[in-house]
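**Student:** Here it is: the structure, laid out below.
The values are calculated or read from the model by the stated rules, or taken from the named source; none is laboratory data. All values derive from a computational prediction rather than experimental measurement. Because the Cβ atoms are built from the backbone with ideal geometry, glycine has one as well, and the counts that use them run over all protein chains shown.
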Amino acid sequence: MTGPVNHMSKSSLQPDTRDRFNDLAVKGEIQRWQPATLIGGGEDITVPRLMPKRLYAAIISQFLHGERATAKLCRRLIGAIDDPVVHRFLVTQIADETRHAEAYARYLDHLGGARAVDANFGQALNQALEWSGPPQAWMLGFHVLLEGEALRTLADFQEFWPCPVFRRMNALISRDEARHVAFGKLFLRDTLPRMAAAERRAIYHQLDVFWRDVGGGLLADTWVPGIFTRGLRQRWLDDGWRHHCRAFADVGLLPSRQISEGAAA
Ligand SMILES: [Fe+2]
Ligand SMILES: [Fe+2]
């Protein structure tokens, strides 16, 4: 995406949106929790049956890297959006993401330490952090797509992964993530209707590329070898994209009919 980042004045947000940002910020300030107390009780970490420990650690590590990238993104959003109520919420989100990263890092300490970011995923994150253009593209990429994906994936893992420490940690993380997604969707529903259709279509195409880049590691068989066939992994990615497209339509990026037709220009 090209062009300078748009700076938005606070008057461009509706009073109702601003009230709800305040409510979400207050919730974020109240609902803080301590990673040290959650994982420090000496309870054993349970690796899923038939899964090598190094693979389990590699997958959990991707969440850690996603958290760190999201905290970076929030700092950039503070620079791009000139509005104290948005800043107030984003400060709570940075605290949340920092805490999530700490929780994953502590958990990974019991599994031999954090592993490297998957090359495709890391590159997709770095490229997205460099997007210029309106901050709405970042919100769609991080608050709707990535955080929505984290919620979707954690809900699935929660079902199949037996570790009680992981479950407890992720119940708390998912509660925070739901608040972040709510913030992003409110911001987008308020501001996207005032954006030109051509600009919204350009963002949609950017998100499409981002999703393929994020999923590249999964298809390239680097972090779930032998667990699923390539066909099943492709289906998982396709289901995810449909899920995220519904969310894009829901916040007013494009009418759902255009999205299902691939947002033909
Ligand atoms: Fe997070
Ligand atoms: Fe988040």
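**Student:** Take the residues in segment 101-114 that are assigned to a helix (DSSP H, G or I) and away from ligand 1 (no atom under 14 Å from the Cβ), then tell me which one is surrounded by the most Cβ atoms within 10 Å (Cβ to Cβ).
**Tutor:** Applying the first criterion (assigned to a helix (DSSP H, G or I)) to segment 101-114 yields 101-109.
When the remaining residues are screened for being away from ligand 1 (no atom under 14 Å from the Cβ), the result is 106, 108-109.
Working: Arg106: 16, Leu108: 20, Asp109: 12.
Result: Leu108.
**Student:** Only one residue in Thr92, Thr98, Thr70 is of a type outside the set (Gly, Ala, Ser) and touching a Gly at 6+ places or on another chain (Cβ under 6 Å), so which one is that?
**Tutor:** Numbers: Thr98 fails: touching a Gly at 6+ places or on another chain (Cβ under 6 Å); Thr70 fails: touching a Gly at 6+ places or on another chain (Cβ under 6 Å).
After ruling out the rest, the residue left standing is Thr92.
**Student:** If you don't mind, another one. If Thr46 passes every condition in (1) surrounded by fewer than 16 Cβ atoms within 10 Å (Cβ to Cβ); (2) modelled with pLDDT of 95 or more; (3) among the hydroxyl-bearing types (Ser, Thr, Tyr) but one, which one does it miss?
**Tutor:** (2)
**Student:** Could you list, in sequence order, all residues of segment 182-210 that are buried (at least 21 other Cβ atoms within 10 Å of the Cβ) and either among the small types (Gly, Ala, Ser) or within 12 Å of ligand 1 (Cβ to nearest atom) (or both)?
**Tutor:** Gly184 - this is the single residue of segment 182-210 that is buried (at least 21 other Cβ atoms within 10 Å of the Cβ) and either among the small types (Gly, Ala, Ser) or within 12 Å of ligand 1 (Cβ to nearest atom) (or both).
**Student:** OK, next. If you scan segment 164-181, which residues turn out to be away from ligand 1 (no atom under 12 Å from the Cβ) and buried (at least 20 other Cβ atoms within 10 Å of the Cβ)?
**Tutor:** Matches in segment 164-181: Phe166 only.
**Student:** How many of the residues making up segment 68-84 are aliphatic (A, V, I, L, M), away from ligand 2 (no atom under 13 Å from the Cβ) and in a helix (DSSP H, G or I)?
**Tutor:** 2
**Student:** Note down all Cβ pairs under 6 Å where the first residue falls in segment 57-70 and is within 12 Å of ligand 1 (Cβ to nearest atom), the second is of a type in the set (Asp, Glu), and they're at least six residues apart or on different chains.
**Tutor:** Filtered contacts from segment 57-70: Glu67/Glu97; Thr70/Glu97.
**Student:** On to the next question. Here are the criteria: (1) at pLDDT 85 or above; (2) more than 30 Å from Asp109 (Cα to Cα). Tell me which single one Asn6 does not satisfy.
**Tutor:** The one condition Asn6 does not meet is (1).
**Student:** Would you say Phe187 is touching a Phe, Trp or Tyr at 6+ places or on another chain (Cβ under 6 Å) and modelled with pLDDT of 95 or more? Please lay out each step first, then the result.
**Tutor:** Details: touching a Phe, Trp or Tyr at 6+ places or on another chain (Cβ under 6 Å): no; modelled with pLDDT of 95 or more: yes.
Answer is no for this residue.
**Student:** Now a separate question. Phe89 versus (1) within 19 Å of Leu186 (Cβ to Cβ); (2) surrounded by fewer than 20 Cβ atoms within 10 Å (Cβ to Cβ): which is the lone unmet condition?
**Tutor:** (2)
Each row is one residue, and each column tells you yes or no for (1) out of contact with any His (no Cβ under 9 Å at 6 or more places or on another chain); (2) modelled with pLDDT under 95; (3) in a helix (DSSP H, G or I).
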| site | (1), (2), (3) |
| --- | --- |
| Val86 | yes, no, yes |
| Ala95 | yes, no, yes |
| Arg99 | yes, no, yes |
| Val117 | no, yes, no |
| Gly122 | no, yes, yes |
| Ser132 | yes, yes, no |
| Ala137 | yes, no, yes |
| Gly148 | no, yes, yes |
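**Student:** Follow-up question, since we're still on this one. For segment 170-184, name all the residues that are among the small types (Gly, Ala, Ser) and at pLDDT 95 or above.
**Tutor:** Going through segment 170-184, the residues among the small types (Gly, Ala, Ser) turn out to be 171, 174, 178, 182, 184.
Passing the criteria: Ala182, Gly184.
**Student:** Going by the conditions given, is Trp138 more than 14 Å from ligand 1 (Cβ to nearest atom), under 13 Å from the mean Cα position of the chain (by Cα) and touching a residue at least 60 places away in the same chain (Cβ under 8 Å)?
**Tutor:** Details: more than 14 Å from ligand 1 (Cβ to nearest atom): yes; under 13 Å from the mean Cα position of the chain (by Cα): yes; touching a residue at least 60 places away in the same chain (Cβ under 8 Å): yes.
In short, yes.
**Student:** With the checklist (1) within 16 Å of ligand 2 (Cβ to nearest atom); (2) outside any loop (DSSP other than H, G, I, E, B); (3) surrounded by fewer than 18 Cβ atoms within 10 Å (Cβ to Cβ); (4) not aliphatic (A, V, I, L, M) in hand, flag the one item His65 doesn't pass.
**Tutor:** Failed condition: (3).
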